[in-house]
Structures are given as structure tokens and as C-alpha cells.
1. For the stretch 32-46, how many residues are touching a residue at least 40 places away in the same chain (Cβ under 8 Å) and either within 22 Å of Leu92 (Cβ to Cβ) or in contact with a helix residue (DSSP H, G or I) (Cβ under 8 Å, 6 or more places away or on another chain) (or both)?
2. With (1) within 18 Å of the chain's Cα centre (by Cα); (2) outside any helix (DSSP H, G or I); (3) closer than 25 Å to Lys168 by Cβ as the list, and Ile18 as the residue in question, which single condition is left unmet?
3. Which numbered condition in (1) among the β-branched types (Val, Ile, Thr); (2) within 26 Å of Glu74 (Cα to Cα); (3) part of a loop (DSSP other than H, G, I, E, B) is the only one that Ile182 fails?
4. Just to verify a result, which residue in the stretch 84-138, among those that are more than 16 Å from the ligand (Cβ to nearest atom) and basic (Lys, Arg), is nearest to the chain's Cα centre (by Cα)?
5. Considering each residue of the stretch 96-118, count those that are of a type in the set (D, E, K, R) and either touching a His at 6+ places or on another chain (Cβ under 9 Å) or not in a loop (DSSP other than H, G, I, E, B) (or both), and give that number.
6. Only residues that are exposed (fewer than 13 other Cβ atoms within 10 Å of the Cβ) and within 22 Å of Leu119 (Cα to Cα): list them for the stretch 166-207, please.
7. Taking the stretch 185-199 as the region of interest, how many residues are of a type outside the set (Val, Ile, Thr) and either assigned to a helix (DSSP H, G or I) or touching a strand residue (DSSP E or B) at 6+ places or on another chain (Cβ under 7 Å) (or both)?
8. Can you find a residue that is assigned to a strand (DSSP E or B), crowded, with 20+ Cβ neighbours inside 10 Å and modelled with pLDDT of 95 or more anywhere in the stretch 44-51?
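The values are calculated or read from the model by the stated rules, or taken from the named source; none is laboratory data. In this text the structure is predicted, and so the values were computed from the model without any measurement. Cβ: placed from backbone, ideal geometry, glycine included. Neighbour counts: every protein chain shown.
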Amino acid sequence: MSNLAVFISGNGSNLQAIINRWKKEDTAFDIKLVFCNKDDAYGIRRATKAGIPVKILLHSDFVDRQAYDQKIQEIMLAHQIDLIALAGFMRLLSSWFVEKWAGKILNIHPSLLPAFPGLNAQKQALEHGVRFSGCSVFFVDSGVDTGAIISQAVVPIFLNDSLETLSKRILKKEHLIFPTAINDVALGKVSLCNSKAVFKIKATQTN
Ligand code: GAR
């Protein structure tokens with residue numbers, strides 16, 4: 001059983017999907033903590049409702065990123081965390097922190113990486129005019145959305161799509177692949193080796 005911390009900054013619909021998966025009997029992770037960098041994030045309510053401890057750290061209370069990330073590290077150790085899921089966590093983590101947690105931090109991004117990394121991925125896809133997009137789960141490295149890909153799901157982009165309709169379609173897929181990927185990593189089905197995701201046993205495919 002892996003002790004999981006879920007990091008959020010906003011709505012937390014991915015957190016909710018992870019909580020829903022956690023409540024199933026066959027889950028290989030235990031959500032020990034929700035970590036948040038905003039005190040008004042809706043996801044905090046979701047965590048509280050599920051009875052999960054929440055830790056909020058505002059960057060304005062720290063002198064710099066290193067001090068902030070050192071505090072996160074202390075919190076992770078105090079809660080005996082094994083695995084971290086970034087579920088819409090919109091703050092960059094320092095290389096210092098990311099390297100300590102190599103192969104143990106998973107992120108979800110709303111595009112088919114390596115296309116459209118960074119902010120506003122859905123808008124980038126619409127503006128580029130691609131006919132398909134989707135979402136990717138990957139092991140976090142010190143680049144922006146450059147880590148080894150664990151799983152992806154594809155959605156079509158329709159000619160009349162708005163940012164809202166496309167984001168919703170992608171989010172539905174996020175809710176499927178992210179909890180599954182976390183569980184696969186917790187089970188040791190997938191791990192990071194030489195900057196690549198290595199699949200020991202066939203990982204669960206959800207798309
Ligand atoms: C999700 O679409 C997630 O992929 C995205 O933020 C949203 C969070 O939604 N993350 C990123 O763009 C990270 N680069 P949620 O708070 O409802 O889970």
C-alpha cells in the first residue's frame with residue numbers, strides 16, 4: 001500500500017476521481033493528505049468531505065521557492081508519503097524537490113504531450129487547429145511537462161468546439177486515466193527507469 005499525497009490548486013475534480021477510486025476495495029494507495037497552495041480552492045471542501053487531512057501553504061508566507069519546497073518536504077516526511085499526485089497543482093516545484101522524488105510524482109496534463117505543454121493546453125490545441133487532443137499522465141521531472149509518459153487518452157476536437165466543451169471532454173478522460181495510473185504505479189506495474197516509464201506487467205488500459 002502506497003501512502004499518497006494529492007496536490008491541488010483549484011476545483012479538484014481529479015482529486016474527486018482519485019477519492020472515488022480510493023474508496024474501491026482493490027486500491028493500492030491510501031490518500032493520507034491533500035496539499036494545497038491556495039486557501040480558497042474548492043478541492044479543499046472535497047478533501048474535508050472525504051475526511052482527508054488538508055495542508056495549505058501560501059507562497060506569500062515564504063521567502064523563496066526553496067524555503068517553500070523545503071516545508072513541503074518536511075510535511076511529506078511527517079505524513080510518511082510514498083507517492084505524490086499533482087491534480088491541477090498550478091505551481092512549479094523546484095528541481096531540488098523533484099529530484100528527491102524522481103519516479104514518485106505523477107502529473108496530469110490536458111493535452112497529448114509532448115504537444116502543448118505549459119499553461120492553457122486546451123486553448124493551444126484549439127488555436128493550432130488539431131483534430132484530436134487528450135490528456136497525459138507522466139512522471140514529473142524538472143522540465144515543464146517533459147517527464148516520461150505513463151498513459152494517455154485521446155478525444156476528438158469538433159469544428160464547433162469551444163474552450164469549455166473541449167476542456168470538459170478532456171477532463172472526463174482525465175478522471176479515468178489518472179486514478180488508474182496512480183494505482184498502477186502504487187502496484188509497481190509501472191516505474192521510472194533511465195527517464196522512461198517501464199511497464200513490468202501490462203498496465204491497465206482505460207482508453
Ligand atoms: C485539469 O484539466 C488538469 O489536467 C490541469 O488542470 C485541471 C485541473 O482540474 N492541469 C494542468 O494544466 C497542469 N499543467 P481539477 O482541479 O478539476 O482537477
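1. 4
2. Single failed check for Ile18: (2).
3. Only one criterion in (1) among the β-branched types (Val, Ile, Thr); (2) within 26 Å of Glu74 (Cα to Cα); (3) part of a loop (DSSP other than H, G, I, E, B) is unmet by Ile182, namely (3).
4. In this case the residue turns out to be Lys104.
5. Result for the stretch 96-118: 2.
6. Hits for the stretch 166-207: nothing passes.
7. Residues meeting the conditions: 6.
8. No, the stretch 44-51 contains no residue that is assigned to a strand (DSSP E or B), crowded, with 20+ Cβ neighbours inside 10 Å and modelled with pLDDT of 95 or more.
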